[in-house]
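Participant: First the structure, then my questions, so here it is.
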Amino acid sequence: MNLFKQTQLKKTKKITFFDAFSGIGCFRLAAESLGIKCVGFSEIDKNAIKTYCLNFDCKNNIGDITKADTEDICNHDIFVGGFPCQPFSIAGKRLGFADTRGTLYYQILRICKEKKPKAIILENVEGLVTHDGGNTFRTILMTFGGHCNGQKRLCNPYKDAIPYNIYFKSVKSTDWGVPQTRKRVFIIGIRNDIKKIYRFPFRNNDKTPIFNDIKEYKKTYKIVEQKWIDGRIRNSIKYKRAKRTIFKDIMPFPTIMASDSVSDYAVYDNDIKKYRRPTIIEFKRAQGLPDNFKFNVTPNQFIGQIGNGVTVNVAREIFRSVIDVIKNGQDN
Ligand SMILES: C[S@@+](CC[C@H](N)C(=O)[O-])C[C@H]1O[C@@H](n2cnc3c(N)ncnc32)[C@H](O)[C@@H]1O
């Protein structure tokens, strides 16, 4: 299985995107593999910027999105953002955009209202849908004026909603050839002059990928002692700390989190019949990053950056499906 096949879409050269909340650039990797051009990005974390700039052309970081003037953002076809989820405390009170003001989500609305990209791709944790009893997600749905998942609305949009049809779905990385149990919700907005129904891509593999598919074969590994494993299991029972960081090579990688470090993980490697730490390359592969993706922060910081990111293969398929709609759904 080749996880990193660079598939070029025909005639996509002129499509552009803006990389909001860019992190280390997982969306950008996916976009560039399809020939989509990045017109700029926004990121404030100095370590994330360090990694981003090692791997991509670093011009046009508008920095803190809350302070950005929309005039400083070049026009683009697709606005992309894996936005940090802050609580929408007054959600659902039907105050229009005021419901989201003060949140980073509001910045997305502010920019898209002015720049009018053809499509918007947002990504977040699955828990966004149920957060605050569903109020947060309901508020997001109400900020999009068009239909919802191609059907009748679940809730009426705000008067000042952006003129986009909205689609959302929870997507698993394992459905796209990447052995990580990660599930993320994608919210797609398609400007409502584009007369084509958006469809999420269907999974492309019948078999669930496992750690063995991305194993890095080395002479030596960092072995984990049995007493660490036992302690981990005890703690996970006592403190409900996820047992998930201990897994077997015949399973997918557990979901990598922003708060994680290398020493949180142990994989049972059946080739050596021992528990060991996954290698950095295996962490990269578990998120669809190429082996040669560079970083100059500490390994633990880098694992956190990977955990903050989006699985590249998933992002690529989402881009591909969005391009299909914006290329075929508009006459001009
Ligand atoms: C969930 S991460 C997105 C990661 C990204 N999708 C990737 O694949 O690496 C959210 C990012 O938003 C950044 N961020 C938070 N507040 C911001 C702000 N006011 N302006 C710009 N970026 C911000 C954080 O530093 C973090 O890297």
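Participant: Loop by DSSP (not H, G, I, E, B), at most 10 other beta-carbon atoms within 10 Å: where is the longest site-free stretch of the chain for chymotrypsin sites (Phe, Trp or Tyr not before Pro)? Can you show the working numbers first?
Facilitator: Values: sites that count: PHE202, TYR217, TYR239.
In the chain, the maximal stretch lacking such sites is 1-201.
Participant: Once you have the alpha carbon radius of gyration of segment 245-332, what is it after dividing by 2.2 N^0.38 Å, with N set to its residue count? Write out the running numbers ahead of the final one.
Facilitator: On the way: Rg = 16.8 Å, N = 88, 2.2 N^0.38 = 12.1 Å.
For segment 245-332, the normalised Cα radius of gyration is 1.40.
Participant: When the dipole is taken about the Cα centre of segment 211-296, and only Lys, Arg (+1) and Asp, Glu (-1) are charged at their Cβ, what size is it in debye, to the nearest 20? Before the final figure, lay out each step's value.
Facilitator: Values: 20 positive and 11 negative charges, 75 e Å.
So the magnitude is around 360 debye.
Participant: Need one number: nm distance between label points at SER170 and LEU95, each 7 Å from Cα along Cα→Cβ, rounded to one decimal.
Facilitator: Rounded to a tenth, the inter-label distance reads 3.0 nm.
Participant: Please give the contour-minus-distance gain from CYS74 to VAL39: 0.36 nm per residue of separation, less the Cα-Cα distance, rounded to one decimal in nm.
Facilitator: 12.0 nm
Participant: Just want to confirm a number: the relative contact order over segment 39-185, from Cα pairs under 8 angstrom separated by 6+ residues, in percent. Intermediate values should be presented prior to the final figure.
Facilitator: Numbers: 210 pairs, mean separation 27.8, N = 147.
For segment 39-185, the relative contact order is 19 percent.
Participant: A further question on this structure: Would you work out which of ALA30, THR51, PHE83 lies farthest towards the positive end of the dipole of segment 29-108, given +1 charges on the beta-carbon of Lys and Arg and -1 on that of Asp and Glu, about the Cα centre?
Facilitator: Positive-end residue among those listed: PHE83.
Participant: Then there is this: Multiplying the sequence separation of ILE223 and THR66 by 0.36 nm and subtracting their Cα-Cα distance, what value in nm do you get? Don't skip to the answer; put the middle values down first.
Facilitator: On the way: separation 157, 0.36 × 157 = 56.52 nm, distance 4.51 nm.
Going from the current span to full extension adds 52.0 nm.
Participant: Report the charge-dipole magnitude of the chain in Debye, nearest 20, computed about the Cα centre from +1 at each Lys and Arg Cβ and -1 at each Asp and Glu Cβ.
Facilitator: The dipole of the chain has a size of about 720 debye.
Participant: Can I ask one more? Given the C-alpha centroids of segment 27-49 and segment 119-172, what is the distance between them in whole angstrom?
Facilitator: So the two Cα centres are separated by 24 Å.
Participant: In percent, what relative contact order does segment 100-219 have, based on Cα pairs under 8 Å that are 6 or more apart in sequence?
Facilitator: Numbers: 174 pairs, mean separation 29.5, N = 120.
Taking the mean separation of contacting Cα pairs over the length of segment 100-219, I get 25 percent.
Participant: Let me ask you something else. Once you compute Rg and the Kirkwood Rh from C-alpha atoms, what is the Rg to Rh ratio for segment 117-213? Write out the running numbers ahead of the final one.
Facilitator: Numbers: Rg = 15.2 Å, Rh = 14.6 Å.
Rounded to two decimals, Rg/Rh equals 1.04.
Participant: Here is a further query. Running a GNM on the chain with Cα contacts under 10 Å, which residue among GLN151, GLN107, GLN301 ends up with the highest mean-square fluctuation?
Facilitator: Of the options given, GLN151 has the highest mean-square fluctuation.
Participant: As a test of understanding, state the convex hull volume per residue of the chain from its alpha carbons, in Å³. Don't skip to the end; give the middle numbers.
Facilitator: Values: hull volume 47.3 nm³, N = 332.
Here the figure is 143 Å³ per residue.
Participant: To the nearest 0.05, what FRET efficiency results for SER261 and LYS115 with a Förster distance of 45 Å applied to their C-beta separation? Can you show the working numbers first?
Facilitator: Details: r = 38 Å, r/R0 = 0.84.
The pair SER261/LYS115 has a calculated efficiency of 0.75.
Participant: Another question, if that's okay. I'd like to know how segment 63-178 sits against the 2.2 N^0.38 Å rule of thumb: what's its Cα Rg over that expected value? Could you put the intermediate results ahead of the total?
Facilitator: Details: Rg = 14.3 Å, N = 116, 2.2 N^0.38 = 13.4 Å.
In units of the globular-protein estimate, segment 63-178 measures up at 1.07.
Participant: In the structure shown, do any of LYS238/LYS273; LYS50/LYS116; LYS37/LYS195; LYS14/LYS183; LYS46/LYS67 have a Cα-Cα gap over 19 Å, and if so which? Spell out each step's value before the answer.
Facilitator: Working: LYS238/LYS273 28 Å; LYS50/LYS116 30 Å; LYS37/LYS195 24 Å; LYS14/LYS183 31 Å; LYS46/LYS67 17 Å.
Flagged as over cut-off: LYS238/LYS273; LYS50/LYS116; LYS37/LYS195; LYS14/LYS183.
Participant: If a paramagnetic tag sat 7 Å from the Cα of ILE233 along the Cα-Cβ line, which residues of segment 267-293 would have the backbone N under 16 Å from that point?
Facilitator: Inside the label zone: 267-269, 274-276.
Participant: In vacuum, with every alpha carbon of segment 211-296 counted as one equal point scatterer, what does the Debye formula give for log10 I(q)/I(0) at q = 0.12, 0.20, 0.23 Å⁻¹? Two decimals, please.
Facilitator: Log10 I(q)/I(0), no solvent term: -0.35, -0.96, -1.23.
Values quoted throughout were computed directly from the atomic coordinates according to the rules given, and no laboratory measurement underlies them. A quick note: this is a predicted structure, and the numbers were derived from the prediction, not measured. Here Cβ is always computed from backbone atoms with ideal geometry, including for glycine, and neighbour counts include all displayed protein chains.
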